[in-house]
1. What's the number of the condition ARG160 fails, among (1) of a type outside the set (S, T, N, Q); (2) surrounded by 14 or more Cβ atoms within 10 Å (Cβ to Cβ); (3) farther than 15 Å from VAL197 by Cα?
2. Is it the case that ALA35 is surrounded by 15 or more Cβ atoms within 10 Å (Cβ to Cβ), under 29 Å from PRO189 (Cα atoms) and modelled with pLDDT under 95?
3. Quick one: in region 139-182, which of the residues that are touching a residue at least 60 places away in the same chain (Cβ under 8 Å) and of a type in the set (Gly, Ala, Ser) is farthest from ALA45 (Cα to Cα)?
4. Mind checking which residues of region 173-218 are hydrophobic (A, V, I, L, M, F, W, C) and loosely packed, with under 12 Cβ neighbours inside 10 Å?
Amino acid sequence: MTTRRGFIQKSIQGAAVATSGGMLWSYLVIQNARAEPLALRPPGALPDADFNALCIKCGRCAVACPYDTLKLAALADRAPLGTPYFEPREIPCYLCHDIPCKVACPTGALSPTLDEVMDSRMGLAFIDTEHCLSWQGLRCEICYRVCPLRDKAIHVETRRRELSKHAMLLPMVLSEGCTGCGICENACPTEIAAIKVLPAELIQGKIGDHFRMGWKQAEGAMSGPDAGETRKGRLDSAPEQGQVPGLDYLNQAEF
């Protein structure tokens, strides 16, 4: 027979367990929400919403990776619990031509339509010019030399040095060609990498459709099917003043 004291003790224990479970669940939800934007996924990963819906956290992609690049997220990691991700500074993606991680995926969370690994877009590299050796005037260019898509993902620009006759060789990332493999970040010789890879949406802007670039329209007119159309005709097709989103008083003719 349960005594009154025993009943009270069990009630308190039950409430404590429920509270602890609620706090743990809350922590997991918050951790997932904070981690997801920073996660670098394997080649061919679908957009986050689709990937998270299809990934069953089986770990087959991580097992299939010959370089141990992929790992499954633990509680305090930058990816949602149990999902595959990689950290380029530790081990980058070496862009296997047969894409074994994609082949091993049983659900299609890693897109089965990806045929060429060089077409994958795992992230986008960006350069911290304040701490890049090349941008500070030293010879380095390691990120350029190790890039598997040299001159397509990273190229080097020359710039005249003010204090000497030697030119500065400055690495520049080309977003259209960068796969986000992170080989450049892994090879960077600075104490903390001066070139990093993050999901493209975190670092890449968007100009907006309401900005008109007449010179690009003119170039398109010269090379497109309507090459006979004049530059003036192209520019005359722009929206009238006041109809363009984002127009303010600084753009008004009366100013």
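1. (2)
2. Judged against the criteria, ALA35 is a match.
3. GLY182
4. ILE192, LEU202, ILE207, PHE211, MET213, TRP215
Yes/no per residue for (1) under 23 Å from the mean Cα position of the chain (by Cα); (2) within 26 Å of PRO148 (Cβ to Cβ); (3) crowded, with 17+ Cβ neighbours inside 10 Å; (4) at pLDDT 80 or above:
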residue	(1), (2), (3), (4)
GLN9	no, no, no, no
SER26	no, no, no, no
ILE30	yes, no, no, no
ALA39	yes, yes, yes, yes
ALA79	yes, yes, yes, yes
ARG89	yes, yes, no, yes
ILE99	yes, yes, yes, yes
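The values are calculated or read from the model by the stated rules, or taken from the named source; none is laboratory data. Keep in mind the model is a prediction, meaning the values are calculated, not measured. Methodologically, a virtual Cβ is constructed for each residue, glycine included, from the backbone with ideal geometry; neighbour enumeration extends over all protein chains shown.
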